[in-house]
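Single-structure report; data block below.
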Amino acid sequence: MTVPGTDVQVRAGIESDLEALTDIYNHYVRETALTFDTVPFTPAQRLPWLRSHPEDGPHRLLVAQDVRNAGETSGTGPRFLGYATSSPFRPKAAYSTSVEVSVYCSPDATGRGVGTLLYTALFEALAGQDVHRAYAGIAQPNASSVRLHERFGFRHIGTYEEVGRKFDRYWDVSWYEKRLGTS
């Protein structure tokens with residue numbers, strides 16, 4: 001999907017994206033409490049994660065790229081702006097119609113609407129799936145993520161207080177829920 005009037009393309013993630021996606025995620029591992037991972041990953045360590053998000057079905061990985069100047073002789077290719085996922089909410093079978101969603105933007109792409117583009121595409125892709133609820137856990141404080149999720153119809157359903165420790169302090173995680181489908 002190319003977004004009309006922009007140079008941003010949103011598409012399914014593939015294995016050749018792994019290094020760029022790992023770089024984006026590792027920024028948040030090293031620099032923020034937005035993920036509770038504390039040790040950066042190698043692309044090889046993230047490969048099972050990528051493979052758990054096929055191009056169809058309820059568990060998706062979508063990437064956003066700036067396709068401006070793509071294919072020129074510079075050899076750099078399109079720049080990755082971020083990615084969004086829908087993943088299993090919990091491993092037990094009765095949870096199969098619920099997904100946990102997340103979005104990560106390249107640090108220089110935050111606040112530019114990339115998260116909105118990714119979530120728009122993700123929820124369009126999920127529309128035909130047997131998915132009843134989407135959940136998002138947001139480490140606090142994170143006003144921009146709260147606004148993004150509320151804009152997509154998520155509602156706050158509770159907060160786990162001081163549930164994670166990173167950078168020598170405890171962090172809260174607020175949980176948001178969105179109804180999907182018609183059932």
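The values are calculated or read from the model by the stated rules, or taken from the named source; none is laboratory data. The shown structure was predicted, so the numbers you read here are calculated from the model rather than taken from an experiment. Neighbour counts are summed over all protein chains in view; Cβ atoms, including those assigned to glycine, are modelled from backbone coordinates with ideal geometry.
Odds and ends about this structure:
- Matching residues in segment 161-171 - criterion: being surrounded by 15 or more Cβ atoms within 10 Å (Cβ to Cβ) and of a type outside the set (Gly, Ala, Ser): 166, 171
- For segment 107-117, the criterion of a residue being surrounded by 13 or more Cβ atoms within 10 Å (Cβ to Cβ), within 23 Å of residue 81 (Cβ to Cβ) and touching a Lys or Arg at 6+ places or on another chain (Cβ under 6 Å) is satisfied by no position.
- Yes/no for residue 153 being part of a loop (DSSP other than H, G, I, E, B) and either at pLDDT 95 or above or touching a Ser or Thr at 6+ places or on another chain (Cβ under 7 Å) (or both): yes
- Filtered residues of segment 49-69 (kept if over 25 Å from residue 175 (Cβ atoms) and not hydrophobic (A, V, I, L, M, F, W, C)): 51, 54, 55, 56, 65, 66, 68, 69
- Segment 94-119, residues that are within 12 Å of the chain's Cα centre (by Cα) and either polar (S, T, N, Q) or more than 20 Å from residue 21 (Cβ to Cβ) (or both): 102, 106, 116
- Residue tally, condition farther than 27 Å from residue 94 by Cα and in contact with a Phe, Trp or Tyr (Cβ under 8 Å, 6 or more places away or on another chain), over segment 108-134: 1
- Residue count for segment 78-100, restricted to those that are within 20 Å of residue 127 (Cα to Cα), touching a residue at least 40 places away in the same chain (Cβ under 8 Å) and of a type in the set (A, V, I, L, M, F, W, C): 2
- All of (1) polar (S, T, N, Q); (2) within 20 Å of residue 24 (Cα to Cα); (3) in contact with a strand residue (DSSP E or B) (Cβ under 7 Å, 6 or more places away or on another chain) hold for residue 142 with one exception: (3).
- Restricting attention to segment 118-139, the residues that are touching a residue at least 40 places away in the same chain (Cβ under 8 Å), surrounded by fewer than 20 Cβ atoms within 10 Å (Cβ to Cβ) and in a loop (DSSP other than H, G, I, E, B) add up to 4.
- Complete set of residues in segment 22-63 that are surrounded by 13 or more Cβ atoms within 10 Å (Cβ to Cβ) and polar (S, T, N, Q): 22, 26, 32, 35
- Count of segment 128-164 residues which are polar (S, T, N, Q) and more than 16 Å from residue 34 (Cβ to Cβ): 1
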